Amino acid sequence: MPDEILYWGIELIFWLQSLGDWPAGPMNVFTFTGYAEFYLLIMPAAYWCWDSRLGLRLAVIFLLSTALNFYVKLVIHDPRPYWLEP
């Protein structure tokens, strides 16, 4: 089963690499959502501009998702994607 997932991931990497360089822009936007700077922009904006309860809920969700992400990475322990040459 783990080998099937690994090979599926490799096929996905080949497909993404075949698209060229244009997906880099949208992928950088998704990558930014994982940085602390993103959280530091969104949480205060939600707290002050929209609703304080929403800002607090977002803070709790972000903290829990960060902890969950850390523990899932420890359990799965899969290497990061890399550039493959056929």
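Descriptive notes on the structure:
- Pair list, Cβ < 7 Å and 6+ apart or interchain, from segment 1-25 residues that are among the hydrophobic types (A, V, I, L, M, F, W, C) to residues that are modelled with pLDDT under 75 and surrounded by 11 or more Cβ atoms within 10 Å (Cβ to Cβ): Ile13/Pro81
- So Phe70, is it modelled with pLDDT of 85 or more and touching a helix residue (DSSP H, G or I) at 6+ places or on another chain (Cβ under 7 Å): no
The values are calculated or read from the model by the stated rules, or taken from the named source; none is laboratory data. Worth saying up front: this structure is predicted, and the values here are computed from it rather than measured. Glycine also receives a Cβ, built like all others from the backbone with ideal geometry; neighbour counts cover every protein chain displayed.
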